[in-house]
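Presented below is the structure to which this report refers.
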Amino acid sequence: MPSGIAKSARVDSRSVLGEGTEIGPGCVIGPDVQIGRGTRLIGHVCLTGIVRIGENNTIHPFVAIGGPPQDVSYGGEPTRVEIGHGNMIATRVTIHRGTVKDAGVTRIGDHNQLADGVHVAHDCQVGDHNWIDVDSMLAGHVHLASNVTVGEKVGIHQWVTIGGNSHIGGHSKITQDVPCYMRAEGNPPIIRSINGRALKQAGTTSESLAALREAHRLLFVVRMKLDECASLLNDLDLMTDEVLALVKFLEEQQAGRNGRARGLHNRLQTPSE
């Protein structure tokens, strides 16, 4: 049973609350909401529509989760939001449910940190262990892999894919996919370097780091064509697993449109992360 429901909270009797959940003052919980054990809603949290929240999450005041998608095609279909375990969702975050023209679900994985004022629009797919800083916004259908850092006040265009272990500098406008392992920033954004510090913390070998640095130099400084770069890296015995993943990501990006792998003709494909 829940460990505590504040008197001023409004919890629909049809909702499902796990053992040890805490529902603070002013919260509104709709009938189609399920919350896992140990999750805390500190106060004035609004959960509407079909929402599934896992265990041991902390949700701060004035958060709205499960509102209808801000998409003109939405016709009231029973789409949903799914949130995993161990996430911290800070004040004023908004997360909207999906649409039937995509997967029908907005999904957030495990152990993510969403700072104050973050907006996650309909059909976004967010992996695990991500940090999204203050007032950053993910437009509809954005895919964010795992172990990504998004700086403050970043705007990410719809249908963009952000590769795993990447970093986006604050105040950037991201209209094209950001490759895995890279640091991007600016408006228009530039791929500055590999995300070396995070990769070292993740235990990436010195050989793989050196290979990624050379791949970055050839691709984003020299601007060598991808197939030529891949051939040269292979000849130099630098085609590590990380470089292979980077090359595959870029191949799928180039197969899309406008710098987005999930472009007009293949939007529902999920590029490698």
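The values are calculated or read from the model by the stated rules, or taken from the named source; none is laboratory data. All values derive from a computational prediction rather than experimental measurement. Don't worry about glycine lacking a Cβ; one is built from the backbone with ideal geometry, like all the others, and counts go over all protein chains shown.
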Q) Hey, any hits in the range 201-212 for a residue that's farther than 21 Å from L144 by Cβ, surrounded by 14 or more Cβ atoms within 10 Å (Cβ to Cβ) and hydrophobic (A, V, I, L, M, F, W, C)? A) yes
Q) Does E251 qualify as being at pLDDT 95 or above, closer than 17 Å to Y181 by Cα and either part of a loop (DSSP other than H, G, I, E, B) or not basic (K, R) (or both)? A) yes
Q) Mind checking which residues of the range 145-166 are touching a Gly at 6+ places or on another chain (Cβ under 8 Å) and under 23 Å from L209 (Cβ atoms)? A) A145, S146, N147, V148, G151, G164
Q. Which residues, counting only those in the range 180-208, are of a type in the set (A, V, I, L, M), out of contact with any strand residue (DSSP E or B) (no Cβ under 7 Å at 6 or more places or on another chain) and assigned to a helix (DSSP H, G or I)?
A. L199
Q: Evaluate the range 229-242: report whether one residue or more is under 25 Å from the mean Cα position of the chain (by Cα), of a type outside the set (S, T, N, Q), at pLDDT below 95 and loosely packed, with under 15 Cβ neighbours inside 10 Å.
A: no
Q: Could you figure out which of (1) at pLDDT below 95; (2) in contact with a Phe, Trp or Tyr (Cβ under 7 Å, 6 or more places away or on another chain) isn't true of G4?
A: (2)
Q: Working carefully through the options V118, V81, V126, find the one that is without any contact (Cβ under 8 Å) to a residue 24 or more places away in the chain and either among the aromatic types (F, W, Y) or in the same structural domain as E22 (by TED's automatic domain parsing) (or both).
A: V126
Q: Test each condition in (1) surrounded by 23 or more Cβ atoms within 10 Å (Cβ to Cβ); (2) in a strand (DSSP E or B) for G98 and report the one that comes out false.
A: (2)
(Q) So, A145, is that one assigned by TED's automatic domain parsing to the domain that holds I95, surrounded by 24 or more Cβ atoms within 10 Å (Cβ to Cβ) and in contact (Cβ under 8 Å) with a residue 12 or more places away in the chain or not? (A) yes
**Q.** Options S166, S136, S172; residue that is under 21 Å from T91 (Cβ atoms), among the small types (G, A, S) and buried (at least 18 other Cβ atoms within 10 Å of the Cβ)
**A.** S136
